[in-house]
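A short reminder: the numbers here are calculations on the coordinates, not readings from a lab. Given the structure is predicted, the values throughout are model-derived calculations rather than measurements. No Cβ is skipped: glycine too gets one built from the backbone with ideal geometry, and neighbour counts run over all protein chains shown.
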Amino acid sequence: MRNQTLARHSLNRLVIATLLTVPAAFAHHGSAISYDMDHPWTTKAVVVEFRYQNPHPTLIFERKNDKGETERWVTELITNPSFLLRAGWTKSRSEAALKPGTSITVTVCTSRVGGTNGAALKILDEKGEEILRTLNFNASQSDRPEGAGSGNPPPSK
């Protein structure tokens, strides 16, 4: 009887531990799953807000589309504050470089679900100097897929 009770308690603990850890394992996403990393595009924009937060810093910006309409984009950086800090980008330095109203050029990979969401890969200031680069984004214009780097998101499929 005691062995059955111990076995039942062990099984209950195992089930509870599994239920608690499975959601955490699925909570984080891979960049290539969430974003179209094969079709980055570059645009001029104005910073609305920058959030130095976990798990990924967030850049919100506005840009003019090819119809002249203002679009508001919400992008996450494919890095985390720990990596930014190790690269010398403290919270105060990042927020100063990306304060609201700052003109930037940003390279984005659009969310696979569509909309005005994406991942910011590279951010340049008005002078064309690199503020931030995530991943190893070094593709030259000729290496990019058709439509990439044109200043507009690739057409929806």
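A few remarks follow.
- As a rough footprinting exposure proxy, the listed residues Asp38, Asp125, Asp66 were ranked by other beta carbons within 10 Å of their own, and the order from fewest upward is Asp66, Asp38, Asp125.
- The phi torsions of the range 112-120, fed into the Karplus equation with coefficients 6.51, -1.76 and 1.60 and a -60° offset, translate into couplings of 5, 8, x, x, 9, 10, x, 10, 7 Hz, rounded to whole numbers, with Gly and Pro shown as x.
- Restricting the range 64-108 to GluC sites (Glu not before Pro) in coil, as DSSP defines it, with at most 13 other Cβ within 10 Å: Glu69
- As a proxy for reagent exposure, Thr43, Thr75, Thr90 were ordered by neighbouring Cβ count within 10 angstrom, fewest first; the result is Thr90, Thr43, Thr75.
- Difference of contour (0.36 nm per residue) and Cα-Cα distance, Arg51 to Glu130: 26.6 nm
- Ascending count of other beta-carbon atoms within 10 Å, so fewest first, for Thr105, Thr58: Thr58, Thr105
- Phi angles across the range 75-85 convert, under the Karplus curve 6.51 cos²θ - 1.76 cosθ + 1.60 with θ = phi - 60°, into 3J(HN,Hα) values of 10, 10, 8, 7, 6, 9, x, 4, 5, 4, 4 Hz, Gly and Pro given as x.
- Length gained on full extension, Ala96 to Lys44, computed as 0.36 nm times the residue gap minus the Cα-Cα distance: 16.8 nm.
- Here's how it looks for Ile131: its modeled amide H is under 5 Å from those of Ile123, Leu124, Asp125, which are all 5 or more places away or on a different chain.
- Under 5 Å, built H, 5+ apart or other chain: amide partners of Thr102: Val47
- Here is the list for the range 41-127: trypsin sites (Lys or Arg not before Pro) lying in DSSP coil, each with at most 12 other C-beta atoms within 10 angstrom of its C-beta, are Lys67, Lys127.
- For the range 31-143, average projected area of the Cα convex hull in nm²: 7.1 nm²
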